[in-house]
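One structure below.
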Amino acid sequence: MWPGMIERRNHDINGQGEAGFSLVETLMAMVISSIVLLGLYLIFDVNQATFIRGEQQTDLQQNARIGMDRLVRELRLAGNDPSGTLTGGPAIPGGQAKCSNPPPATLQAIENAEVTCVRFYADVDGDVPLATERVEYSHDAAAQVLRRRRWTNAGTGGGAQPLAERVTTLTFAYYDGAGACLGGECATPPDPVPAGSLGNIQRISVTITTADTQTGGGALPFTLTGEIRPRNLGLSP
């Protein structure tokens with residue numbers, strides 16, 4: 001047997017030529033792998049947070065727009081009484097209305113004009129020749145909900161319908177035809193429109209703010225403002 005072959009056989013028997021990783025090499029590989037995995041996790045976490053925040057922001061905006069759309073559409077009809085039944089109707093059952101001021105002695109198309117609540121007469125469902133409805137929009141601050149109530153001229157109805165959720169702010173400001181503030185958020189301090197000035201309202205500004213305060217999400221509050229000129233109060237749409 002050749003001397004080189006004998007030496008190689010002895011080398012293999014002693015195990016000195018077997019391939020493998022040292023402890024230091026193994027630890028280094030683990031550290032590098034951990035750094036790579038941590039980086040991938042951080043990228044995933046940031047993307048996930050951005051996605052959730054985007055969903056929350058879209059939801060807040062949609063909430064505000066749904067509430068604003070219906071409120072503006074119906075309030076623009078204030079005083080619309082094609083059936084000629086706008087006679088005041090019976091008193092609203094106790095505890096149902098949220099506007100704090102009592103209706104004025106002389107019937108007005110807008111009978112309550114407060115900072116966070118408005119109530120008016122309008123044929124909002126177009127059911128001529130049936131009775132004109134009373135409609136009220138108010139803010140439930142505790143539940144953070146925009147609520148709508150509707151009564152027929154017979155005094156029925158009045159159930160609170162949640163129209164938009166996570167509403168942190170709902171304010172109204174009322175102006176006459178010359179742009180002078182009559183009451184609401186534009187007054188200093190904010191106050192309801194006096195009963196004697198309700199008939200002078202010709203423009204209403206409404207502001208809705210939605211915010212996600214329960215989940216602690218990063219979605220920014222969303223504020224939407226609308227300007228309303230009721231067609232039946234002497235102004236063009």
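The values are calculated or read from the model by the stated rules, or taken from the named source; none is laboratory data. From a predicted model like this one, the values you see are computed outputs, not experimental measurements. Cβ placement follows ideal geometry from the backbone for every residue including glycine, while neighbour counts extend to all protein chains displayed.
Taking the criterion of being surrounded by fewer than 13 Cβ atoms within 10 Å (Cβ to Cβ) and under 14 Å from Gln202 (Cβ atoms), the residues of the range 158-179 that qualify are Ala178, Gly179.
Scan the range 118-125 and tell me whether some residue there is assigned to a loop (DSSP other than H, G, I, E, B), modelled with pLDDT under 75 and of a type in the set (Val, Ile, Thr). The answer is no, given that none of the residues of the range 118-125 is assigned to a loop (DSSP other than H, G, I, E, B), modelled with pLDDT under 75 and of a type in the set (Val, Ile, Thr). In the range 89-103, the residues that are closer than 21 Å to Ala141 by Cβ and of a type in the set (Ser, Thr, Tyr) form Cβ pairs under 9 Å with partners that are modelled with pLDDT of 70 or more and assigned to a loop (DSSP other than H, G, I, E, B), at six or more places apart or across chains, as follows: Ser100/Glu114; Ser100/Pro192.
Out of Ala19, Ala49, Ala64, one residue alone is at pLDDT 80 or above, among the aliphatic types (A, V, I, L, M) and at negative phi. It is Ala64. Restricting attention to the range 147-156, and to residues there that are buried (at least 16 other Cβ atoms within 10 Å of the Cβ) and not hydrophobic (A, V, I, L, M, F, W, C), which single residue is modelled with the lowest pLDDT? Only one residue fits best here, namely Asn153. Please go through the range 173-218 and give me each residue that is modelled with pLDDT under 90 and within 30 Å of Ala49 (Cβ to Cβ), ordered by number. Selection gives Thr210, Ala211, Asp212, Thr213, Gln214, Thr215, Gly216, Gly217, Gly218.
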